[in-house]
Structure formats: structure tokens, C-alpha cells
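Worksheet: one structure, shown below.
The values are calculated or read from the model by the stated rules, or taken from the named source; none is laboratory data. Small disclaimer: the values here were computed from a predicted structure and weren't measured. Counting neighbours? That spans all protein chains shown, and the Cβs are built from the backbone with ideal geometry, glycine included. Calculation scope for accessible area: heavy atoms of the full protein, side chains included, ligands and nucleic acids excluded. Shrake-Rupley method; radii C 1.70, N 1.55, O 1.52, S 1.80 Å.
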Amino acid sequence: MTHRLRVATIFALGLAWCLFAETAFAQKTHVVKSGDSLDRIARQYGVRVPALIAENDLDRPDFLKPGQVLKIPTAAAPVRKRYTVVEGDSLGTIARDHNVSPASLAALNKLSDPDKLRVGQILEIPSDGTPPAPPQIPLPTSLKNTLDTIPVRNGRWKYIVIHHSATANGSAQGMENYHRFKRHMENGLAYHFVIGNGKGMPDGQIAIGRRWRSQLNGGHLASERLNEVAIGICLVGNFNQTRPTPAQMRSLTALTSYLLQRTRLSATAVRGHRQINTKPTECPGHNFPMKTLLQGLP
Ligand SMILES: [Zn+2]
């Protein structure tokens, strides 16, 4: 091959690859329309809300602007459920119990006479378009039992805010002393929860602060208005230098999932300190894996 021909060939191959890559890997996007919500968009594309927030690094997921372009995450293949027909079932009752339409159930299972179901017959249940939530990490039973005894008023909380201590080690007691005696906060520990990293407090241990036990406002944000409605969780560690330990991330995911259910909030309520604070801050550190947290939430 002459030099010029070789160059031409390489150029042509490159162009072909680009065109192929363009169609094969182009990411689906959605342009926000007025009246859109993350919930609606997630349902439209069959993805989960936390995945949508994570994919787009949304700092304020409850404020979408018309014209804003959202990247749609690649949905995991929906898992199909199966159902075994029992005495007394009808296509209508099975469809209602699984929140699908009788027509889609009949179509998926190629039922020529939907009135004739056999006991023991196995039906495939169509996916409702939303991938299942990841398996939930449970809280330790004794901790969950304690949390369950604390009354939480409906509508009391609007945000769950994640912080780091910005120190290599620390404990709930140490922070309590610092906030009460050095910072003169009359309610002590500014956070509702602290999660240890094995240096000063056991790795992954969740300490429940008095502000959560008594449902008091937080003291962890610059704005008092936000402190009134924001739950504060502090992870011990400086995540500008290190990352949270695996045990801390498991505890944080379990605690956040529990709190979302308890407060009836969705994953759009979960923020890093810097995403919500009225003053600039690096908290919870450049290495804090917000995407990992979001993807583990219900
Ligand atoms: Zn913070």
C-alpha cells in the first residue's frame, strides 16, 4: 500500500468507527419540559430515581428547569416475576395484585382464553417498567428497634444531609464535647447521627444523637431555616484525603434507607453538605462517593 493510500484507509476506518460509535454508544437524553418531575421521567424511561440523580450529578434534584438536558442511565434488564395460579384466581385479580393490566398479562402469556386459568399454571408477570430496587442493607436489629421507638412526626423533615468530620479520627462523644463546650451549642452534638471509622469509634458503628432521640433541629448547616428540616449524618474521616470505609458506607446506606422510609421522603431528599449549604464548603470531601450512596437507596 502506498503511504497516501494507507492514510486514506486509516482515515476511512476511523470515520466508520466514529459513525458506528455515535450510534452504538450515544446516551439517551431527556429535555425537561415544564411540569416534568424526576419521578415521571424515571417512569417514562423505566429507570430508578436515585440512578437518575446519580447519573446527572444533580445538586438540587427537586428543582428541574425546562430545557435542562438529563442523561438517562442504562436500565438494568427488568427482572420478570412468575406467579403460580391458585384456586379462586382470575386474570383480573392476578393483574390487580401485581399492578399490571389484564391485557398485558394475557398478551405476555399468550393466553387464548383468559377465562380458563388452571390451578398450578405458571404465569409470567410483565415488568411495570421500573427496575427493582437494589437489595436493602438492614440495620442491626437492636439499633432498628431503638430507632423504631422514637416518634417521627409526618412532614417534620425534608432533607437528609451527609457530612464528614474532616478529621482522621473522632467519635460522637468527642464531637458532642466540641459542639457543647467549644462552640457553645446548647443542644450539643450538631448532627443527628455519627458513623465511626474505627479510629475513636468502632468502624461502621452508628451513634444516635440526642437531637434525633428528641427530634430537635440540627445544628449542622449555616442556615437556621434549613437546620429546622434537615437531618444531619456525620461520617468520621477526612474524605478530601481518604474515602469512607466499606463498613461506613454499608451503615450509611442502611441508615439513610431507613430514614427515607421513616420520614416518607424519596432519594431526592439526600444531599451532601456542599450541595445544600448557603456558604461554600467542601464537606463531605471530594472523595465522598455520592453516586454509590444514591445507587444503594430504595
Ligand atoms: Zn458538613
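With every protein chain present, what accessible area does L216 have (1.4 Å probe, heavy atoms only), rounded to the nearest 10 Å²?
We get 50 Å² for L216.
Taking the chain as a Gaussian network, Cα atoms linked when under 10 Å apart, which of K81, K158, K33 shows the biggest mean-square fluctuation?
Looking only at K81, K158, K33, the biggest GNM fluctuation is shown by K81.
For T268, T141, T146, give the ranking by accessible area with the largest first, probe 1.4 Å.
Of T268, T141, T146, the descending order of accessible area is T141, T146, T268.
If you only keep lysine pairs separated by 8 or more in sequence, or across chains, how many in the chain come under 26 Å at the Cα atoms?
Going through the chain pair by pair, I get 23.
Tell me, what does the Kirkwood hydrodynamic radius of the chain come to in angstroms if you use every pair of distinct C-alpha atoms?
Its Kirkwood hydrodynamic radius stands at 22.6 Å.
Can you pull the percent of the chain's accessible area that's carbon plus sulfur, 1.4 Å probe, other chains left in place?
54
Enter the accessible area per residue of the chain (Å², integer; probe 1.4 Å; all protein chains in place).
I get 57 Å² per residue for the chain.
Where in the chain are the DSSP H helices whose C-alpha atoms run 15 Å or more along the long axis and whose mean Kyte hydropathy is at least 0.5?
Helices meeting the span and hydropathy rule in the chain are 3-25.
By the scheme Lys and Arg +1, Asp and Glu -1, what is the net charge of all other residues having a beta-carbon under 9 Å from that of N217?
Spelling it out: positives minus negatives among the neighbours equals -1.
What FRET efficiency would be calculated for the residue pair N169, D62, taking the C-beta separation as r and a Förster radius of 41 Å, to the nearest 0.05?
0.70
In a GNM of the chain with a 10 Å cut-off on Cα contacts, which of G237, G92, G174 has the highest mean-square fluctuation?
G92
Any chance you could look up the accessible area of S223 with a 1.4 Å probe, heavy atoms only, rounded to 10 Å²?
20
Any idea of L143's accessible area? Nearest 10 Å², probe 1.4 Å.
20
Per residue of the chain, what 222 nm ellipticity follows from adding -39500 (n - 2.57) for every DSSP H run with n ≥ 4, rounded to the nearest 500?
Here the helix-only value at 222 nm equals -9500 deg cm²/dmol.
Considering only protein heavy atoms, with the full assembly of protein chains and a 1.4 angstrom probe, order R156, R262 by accessible area, largest first.
From most accessible down to least: R262, R156.
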